[in-house]
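Values in this text are rule-based calculations from the coordinates and carry no lab data. Treat the numbers as computed from the prediction; the structure is a model and nothing was measured. No Cβ is skipped: glycine too gets one built from the backbone with ideal geometry, and neighbour counts run over all protein chains shown.
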Amino acid sequence: MPTEHDPEQTEIKYLQDTANLAKAHVLEIGCGEGRLTWRYAEVARYVVGIDLKPKQLTVASQECPPALRSTVAFSLANAETLPFPRESFDLVILAWSL
Amino acid sequence: MVHALKEVWRVLVPNGQVIDLRPISENAPIEVVVGDQVLFAGRRIDCVEGIADDIAANEAIESAVGSGWFVQEYAGSFKYNTYWNTLAEMKIYAEENYTSSYIPEEAFIETHRLMAENGKEAKVRIHRTISISQYRKRFFNLHL
């Protein structure tokens, strides 16, 4: 593997300790290629990952594990004009994006 | 950034949570790792633009909290490592991904020296600090 991010899994440990992920409707802003998404998505009810980079979103969609395809979606969207109704999510993760 | 936080407030349910994960601008150390041994090779340098982005993000959060949109419930940090097996892999990654920071030539030279000295077991990593903050949407907001 040319680049290995956080093999110690520190980020997901802190995220799990801090956020109420279980059965949550989650919006991840700045999901990129889904690096973080895959690490928590199975405990959430539904995850929408958004990013401004179409290439990264394509990779994320292609690499989505089959078991998560019905509960994870990716979308090209800008955080300043979120294309979602009010009160749609229990949790918003700003993933290195603010 | 404040507009984005306003949108986050809008799409959150009452009492919903926001998690803000962000690398801290700190000229992160570049280290060669051989088994349990960690050898310092230099630092990745953050450019002015990156530091300015960090300040702007902090100001946006302060503004959102100050306006009563969110209440901060937790703030902490942790270490986050990114590893490469070779210097060439790190160089490629840096060229493709580091837009607001750079690795100085002397750090590449020292990394090369340490990796050559320590054989195939040696890996190179960048050792960053990530801040994690948790906020809660306030039930009522008179400013929106």
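Quick notes
- Residues whose amide H comes within less than 5 Å of that of B:Thr82, counting only those at least five positions distant or on another chain, are A:Asp6, B:Ile126, B:Arg128 (H built at 1.01 Å from N in the peptide plane).
- Cα-based Lys proximity count in chain B, under 30 Å, for pairs eight or more positions apart or on separate chains: 8
- The protein assembly as shown: C-alpha gyration tensor shape, a/c 1.5 cut-off, then a/b vs b/c: prolate
- Tensor-based shape of the stretch A:10-94 (alpha-carbon gyration tensor, a/c under 1.5 rounded, otherwise prolate or oblate): rounded
- Candidate lysines for bridging to A:Lys55, where Cα separation is under 16 Å - those fewer than 8 sequence places away on the same chain excluded: none
- Footprinting exposure proxy for B:Glu121, A:Glu11 (fewest neighbouring C-beta atoms within 10 Å first): B:Glu121, A:Glu11
- Shielding by partners, peptide B:83-92 (average Cβ within 10 angstrom, other chains): 3
- Only aspartates and glutamates eight or more places from A:Lys53 in sequence, or on another chain, were considered; those with a Cα closer than 18 Å are A:Glu28, A:Glu33, A:Glu63, A:Glu80, B:Glu95, B:Glu96.
- In chain B the longest region clear of chymotrypsin sites (Phe, Trp or Tyr not before Pro) that are loop-assigned by DSSP and have at most 16 other C-beta atoms within 10 Å covers B:1-97.
- Computed about its Cα centre, the charge dipole of the stretch B:2-137 is approximately 480 debye, with only Lys, Arg, Asp and Glu carrying charge at their Cβ.
- Chain A, relative contact order in percent, only Cα pairs under 8 angstrom and at least six apart counted: 33 percent
- Among B:Glu106, B:Glu89, B:Glu7, the ranking by other beta carbons within 10 Å of each residue's beta carbon, starting with the fewest, stands as B:Glu106, B:Glu89, B:Glu7.
- The stretch A:1-57 - Rg and Dmax from Cα coordinates, angstrom: 11.9, 34
- Across chain B, the fraction of Cα-Cα pairs farther apart than 18 Å, rounded to a whole number, is 62%.
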